[in-house]
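Rule-based calculations on the coordinates, nothing more; no lab input. Note that this is a predicted model, so its numbers are computed, not measured. Cβ: placed from backbone, ideal geometry, glycine included. Neighbour counts: every protein chain shown.
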Amino acid sequence: MEWLTLPNMLARIRIGEKASTPGFGRTVVRRPDGLYWCGGVLDGKIVEIRDYLFSDIWTLYEDEESLQWVEFRERAERSEREMIENQYDDVQTNTRNREF
């Protein structure tokens, strides 16, 4: 089992995957529209990045419940990649234009 810090978990979690802290004290699922709490009093609520989350370690996994979101994964990841590439291209173009 691989353990990740919060920033690494956020960079790697894919749509349909869940992330949990040791002992499943905190569990989240990435859906197409964001990161949501699973279980507990915050079940179904969107995750707010708070200071206490930075001191947790997380592991990624999928289960039967999370598999319902997998069908959205490829389309969403392609869209994310395109948006990032477009932003990068815009930055490169603007930087070159300022150099002249």
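A few comments on the model shown:
- Length gained on full extension, residue 61 to residue 48: 2.6 nm, using 0.36 nm per residue less the C-alpha separation.
- Charge context of residue 34, other residues only, Cβ under 11 angstrom, K/R +1, D/E -1: +1
- Per-residue Cβ neighbour rank within 10 angstrom, fewest leading, 91, 70, 28: 91, 70, 28
- Hz values of 3J(HN,Hα) by residue in the stretch 30-38 - Karplus curve (6.51, -1.76, 1.60), Gly and Pro given as x: 8, 9, x, 9, x, 10, 10, 6, 10
- Rounded to the nearest 500, the 222 nm mean residue ellipticity of the chain from helices alone is -11500 deg cm²/dmol, with -39,500 (n - 2.57) taken per DSSP H run of at least 4 residues.
- For residue 39, distant residues with modelled amide H under 5 Å away: 44
- Nearest-ten-degree value, helix 73-99 long axis tilted from longest Cα axis of the chain: 30 degrees
- Relative contact order of the stretch 4-70, pairs being alpha-carbon contacts under 8 Å that are 6 or more residues apart, as %: 42 percent
- Placing a pseudo-label 7 Å from each Cα along the Cα-to-Cβ vector at residue 92 and residue 79 gives an inter-label distance of 2.5 nm.
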